[in-house]
1. List the pairs whose first member sits in the range 141-152 and is surrounded by fewer than 17 Cβ atoms within 10 Å (Cβ to Cβ), whose second member is among the small types (Gly, Ala, Ser) and assigned to a helix (DSSP H, G or I), and whose Cβ atoms are under 9 Å apart, counting only residues at least 6 apart or on separate chains?
2. For the range 51-62, does any single residue satisfy the condition of being at pLDDT 80 or above, among the polar types (S, T, N, Q) and within 18 Å of PHE135 (Cα to Cα)?
3. From (1) surrounded by 18 or more Cβ atoms within 10 Å (Cβ to Cβ); (2) under 30 Å from GLU61 (Cβ atoms), pick out the condition that doesn't hold for PHE81.
4. Look at GLU55 and say whether it is surrounded by fewer than 17 Cβ atoms within 10 Å (Cβ to Cβ), at negative phi and part of a loop (DSSP other than H, G, I, E, B).
5. Filter the range 41-82 down to the residues that are in contact with a helix residue (DSSP H, G or I) (Cβ under 7 Å, 6 or more places away or on another chain) and among the acidic types (Asp, Glu), then identify the one that is farthest from GLU119 (Cα to Cα).
6. State whether the residues of the range 91-104 include one that is surrounded by 13 or more Cβ atoms within 10 Å (Cβ to Cβ), over 14 Å from the mean Cα position of the chain (by Cα), of a type outside the set (D, E, K, R) and closer than 14 Å to LEU136 by Cβ.
7. How do the pairs read when you match residues in the range 71-98 that are of a type in the set (Gly, Ala, Ser) with residues anywhere that are surrounded by 18 or more Cβ atoms within 10 Å (Cβ to Cβ), using Cβ under 8 Å and keeping only pairs 6 or more apart or on different chains?
Amino acid sequence: MKRLLFFVVTLTFFGCSNTQSIQDYYVAKSEEPNFLVIDIPTSFLDINNEILNLEEQAALESFQKLNVLMFRKTGANAAQFPVELAAVRQIIDGEQFDPLMALSDRQFTGKLLLEGSIERPDEIVFFGAAADQGFLLARLIGSKMQVEKAVLLAKALEREGALDNAVEAIGQML
């Protein structure tokens, strides 16, 4: 009996991962005053479906929402910024994410990441940080997502000015 109990305790101890997921981080930070969490449904982007071709419409329908977490750096929370930045980087640099693209200049760094396979991603994540402003972590959530559809959707959103529409609407809400 003692051996069985020891085996169960050992299996439980080693079977549990101590790495935090993005979802866990979102939930933990959603009530903190230095963070802003916004769920943006694709309908909020105000895209005229009649302008999109069939392939772009299918891409749009495969995505349900964009889940955004922002940390805005201020003088009052400047000491917290490197701690939170390190926590996010530890999550996204973990084994579950594959980098798709990296962006960098003197003021801004960013990464586009994928969890799952290229053919059927579980999650597509964008992380961007600016040392003087804060960081943003965005998760693209949907069903039957594909990386190619995400790229196609991004091009359609840019062409239609949908991201500008969303930013303007969010600005009015704040």
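1. Correct list of pairs: GLU148/ALA59; VAL151/ALA59.
2. Scanning the range 51-62, I find no residue that is at pLDDT 80 or above, among the polar types (S, T, N, Q) and within 18 Å of PHE135 (Cα to Cα), so the answer is no.
3. It fails just one condition, (2).
4. Values: surrounded by fewer than 17 Cβ atoms within 10 Å (Cβ to Cβ): yes; at negative phi: yes; part of a loop (DSSP other than H, G, I, E, B): no.
Answer is no for this residue.
5. That would be ASP46.
6. No, that holds for no residue.
7. ALA87/TYR25
The values are calculated or read from the model by the stated rules, or taken from the named source; none is laboratory data. Please read all numbers here as calculations on a predicted model, not as lab measurements. Heads up, the Cβs are rebuilt from the backbone with ideal geometry, glycines too, and the neighbour counts pull from every protein chain shown.
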